[in-house]
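What follows draws every value from the coordinates through simple rules; no lab data is involved. Source: prediction; values computed, not measured. Positions of Cβ are generated from backbone atoms using ideal geometry, with glycine treated the same way; all protein chains shown enter the neighbour counts.
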Amino acid sequence: MGMIDKGEAGTEPSPADGLSSREVILDAAEQLMALHGYADTSISAICKASGLPVGSLYHHFGNKSGILAAVLERGNRQFSGGLDAMVDATAGPDERMRQYYGHAPELLMSNVAYFRILHSSLTSCDMGVPERLAENNEAVARRLAAVIEPVVREAGIADPGVLALQLARFSAVYAAGAMLVSGYVRERVFAEMAPLHEVVRTMIASAASATGPQR
């Protein structure tokens, strides 16, 4: 008595719309967390919105912070995939990076829910949330670092991977801050993000100048 019923092992609800139960839960959680914030979204509310039993949530995600991690990971993947689709894969490193930063504001506005959830979870005291956020932020940075690194390498910097990751982390924090201070208003987001590419290019040039030509 008093234990949570996690359902029969191996059983899986079959949502009528054809989505997997995992995706149905993520859709419901994303909508609720974006609207009410992470702290004020309960497991029972996600169950009600998804139409799935609590056992299904625990089966897929373990706990509420696990749902948060999956929601953020999916949002991160959608954002990165959207950027990849908008950028010319045949472009040179510098032009490819410019396109990434140029298209970023549009993708930021297409993923407002992701940033609302990210911001609302920053003050959570739930066990595991800080670790989930750190993992998400590092994943974002490493994806962007892969775009920045070829430009840093062309600048002649000895260890391009280190600087690329630093600049990617800076860019991720900048973008999250831009969304927050802009109030998620499209025109303000574009205005806040406009200088970022040039700032990153200046930082690369400054680092190259400080280290001098590499032999």
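Once backbone amide H atoms are built at 1.01 Å from N, Ala194 has no partners under 5 Å, excluding neighbours fewer than 5 places away on the same chain. Which residue fluctuates most in the GNM of the chain (Cα springs below 10 Å): Ala164, Ala29, Ala89? Maximum among the listed residues: Ala89. What translational D, rounded to a whole number of µm²/s, comes out for segment 14-74 from Stokes-Einstein when the hydrodynamic radius is the Kirkwood one over Cα pairs, at 37 °C and 0.692 mPa s? Translational diffusion coefficient: 292 µm²/s. Between the alpha-carbon centres of segment 111-132 and segment 27-61 there is a gap of 14 Å. Suppose the Debye formula is applied to equal point scatterers at every Cα of segment 68-211; what is log10 I(q)/I(0) at q = 0.16, 0.20 Å⁻¹? Per q value, in the given order, log10 I(q)/I(0) is -0.86, -1.25. Scaled against the 2.2 N^0.38 Å expected of a compact globular protein of N residues, the Cα radius of gyration of segment 41-145 reads 1.27. Each residue of segment 73-88 is assigned a 3J(HN,Hα), and the resulting list reads 4, 5, x, 4, 5, 5, 5, 5, x, x, 5, 4, 5, 8, 9, 6 Hz, derived from the Karplus form 6.51 cos²θ - 1.76 cosθ + 1.60 (θ = phi - 60°), x at Gly and Pro. With a cut-off of 9 Å between beta carbons, the residues surrounding Arg74 carry a summed charge of -2, where Lys and Arg count +1 and Asp and Glu -1. Compute the Rg to Rh ratio over segment 138-215 from the alpha carbon atoms, using the Kirkwood formula for Rh, and round to two decimal places. That ratio equals 1.05. If you run the Gaussian network model on the chain, springs between alpha carbon atoms under 10 Å, then out of Glu135, Glu187, Glu30 the most flexible one is Glu187. Mean-square fluctuations from a GNM of the chain, with a 10 angstrom spring cutoff on Cα atoms, peak among Thr202, Thr90, Thr123 at Thr90.
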